[in-house]
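All remarks here apply to the structure that follows.
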Amino acid sequence: MAIKRIILLLMVIGLFTSCVTQPAKYVTYVPDTVTVFEVIGAEIQYLDIPKDNNIEVLSLTNCGLDRIPSSIKRCKHLKRLHLERNQIKHIPKWISSLDSLVEINLNFNQLSLSKSDIRHLSKVQQILIGGNGLEKLPRNIGRLHCESLNLGMNKLHSLPESFARLNSMKSLIFYENDFDEIPEVLAGFKNLKHLDFYKNNIDEIPDFVGDMENLQQLFLSFNKIGVIPDTLRNLKRLKYFYIHHNELHFLPEWIAEMDSIERLGVGYNHLLDLPDLSKMKSLKEFDCEHNLLERFPWEIVEKPDMELIVVRDNDFIFTDEEKVKLNKASKIINLVY
């Protein structure tokens, strides 16, 4: 029976010395029988991959690599290449010859992301290049054909004009960058399902976000947003909406009409009151902690199918009778107050 998976934790597979006058090299041998091969935390100086192999997933995490091992070009069946937490600076040309490659993870490396790097990645559908210290993207970024792009934990503050060509994208992550606004080049991204601008410096949600009709997850927490615009009521497929740690003073009444939302996070704002959210048919999780609420939202506590409600650190004052009522409710749902 063929071996399908091998994981190496803090170890290497062999020690090879070519001759006495050369330093020893760590050689990691990849058996030709595996489909999944993972190395975590072991220094790799040479990766020995047989010509005829069946590898579909190759993961080399925190292995001290300063380049992508050229032997990987032999992996004609490779679908997912994970190279997190190394010191890789460039994308080799031969990456484009891996016709089966669907995903490449280069989070936390030292990429400068040149124009040639973009050309070499043009066939990959899912690209993760977060945590590389990127301050700008190359002008030819529009040559990519990916449907998912993770650019989180960089230093980006704008996007090139060619980024507009990526409007078939389904997932975009700009978590923890330096954006002061959601770039206008995203205005035509109507296929997006996931948009993440957590931890930026955004103070306004542009109207075109409301045109992203397929959006299911919108993450805007840890910004400086003061108002939720009426255009967001057009997001009929939105399931997760997180806008905690902002500058909101009120929630619009129409948000109660958004039947698709399952999880709503508005904690750490300046909210004085809430609309009747019990009307939200799909709502299961709600967090409004650390606001200025005086009226306790009893209607949402009594809403059927609620699973989690977080209301702590507000200005509620409870009677003894209400405290008993809360205690009973907390035995039915996960109620944090």
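The values are calculated or read from the model by the stated rules, or taken from the named source; none is laboratory data. Since this is a predicted model, take the numbers as computed values, not measurements. A quick note on method: Cβ atoms are made from the backbone with ideal geometry, for glycine too, and the neighbour counts reach across all protein chains shown. For accessibility, only protein heavy atoms count, side chains too; no ligands or nucleic acids. Shrake-Rupley method; radii C 1.70, N 1.55, O 1.52, S 1.80 Å.
Of the residues in the range 213-237, how many are touching a residue at least 24 places away in the same chain (Cβ under 8 Å), part of a loop (DSSP other than H, G, I, E, B) and more than 19 Å from Leu271 (Cα to Cα)?
6
Among what's in the range 119-141 and is more than 13 Å from the chain's Cα centre (by Cα) and not in a loop (DSSP other than H, G, I, E, B), pick the residue that is surrounded by the fewest Cβ atoms within 10 Å (Cβ to Cβ).
If we filter the range 119-141 for residues that are more than 13 Å from the chain's Cα centre (by Cα), which is where we start, we get 119-125, 132-141.
The next check asks that each one be not in a loop (DSSP other than H, G, I, E, B); those that pass are 119-120, 141.
Working: Arg119: 17, His120: 19, Ile141: 22.
Checked the range 119-141; the qualifying residue surrounded by the fewest Cβ atoms within 10 Å (Cβ to Cβ) is Arg119.
Only one of these conditions is not met by Leu251: (1) closer than 23 Å to Lys303 by Cβ; (2) open to solvent by less than 70 Å² (accessible area, probe 1.4 Å); (3) outside any loop (DSSP other than H, G, I, E, B). Which number is it?
Just one mismatch for Leu251, condition (3).
Assuming Ser278 fulfils every condition listed in (1) open to solvent by 30 Å² or more (accessible area, probe 1.4 Å); (2) under 27 Å from Ser168 (Cβ atoms); (3) in contact with a helix residue (DSSP H, G or I) (Cβ under 7 Å, 6 or more places away or on another chain) apart from one, which condition is it?
That leaves (2) as the condition not met.
Return the residue satisfying two criteria in turn: it lies in the range 305-332 and is part of a loop (DSSP other than H, G, I, E, B) and modelled with pLDDT under 90, and of such residues it is nearest to His249 (Cα to Cα).
The selected residue is Ser330.
Tell me yes or no: at least one residue of the range 80-100 is over 21 Å from the mean Cα position of the chain (by Cα), charged (D, E, K, R), at pLDDT below 95 and part of a loop (DSSP other than H, G, I, E, B).
Checking the range 80-100: not a single residue is over 21 Å from the mean Cα position of the chain (by Cα), charged (D, E, K, R), at pLDDT below 95 and part of a loop (DSSP other than H, G, I, E, B).
Looking at Leu149, Leu172, Leu144, Leu166 in this structure, which one is under 18 Å from Asn201 (Cα atoms) and surrounded by 17 or more Cβ atoms within 10 Å (Cβ to Cβ)?
Answer to the selection: Leu172.
Is there any pair linking a residue in the range 254-283 that is at pLDDT 95 or above and among the acidic types (Asp, Glu) to one that is part of a helix (DSSP H, G or I) and open to solvent by less than 60 Å² (accessible area, probe 1.4 Å), with Cβ under 7 Å and at least six apart or on different chains, and which?
As it stands, the answer is Asp276/Ala256; Asp276/Glu299, since those pairs meet every condition given.
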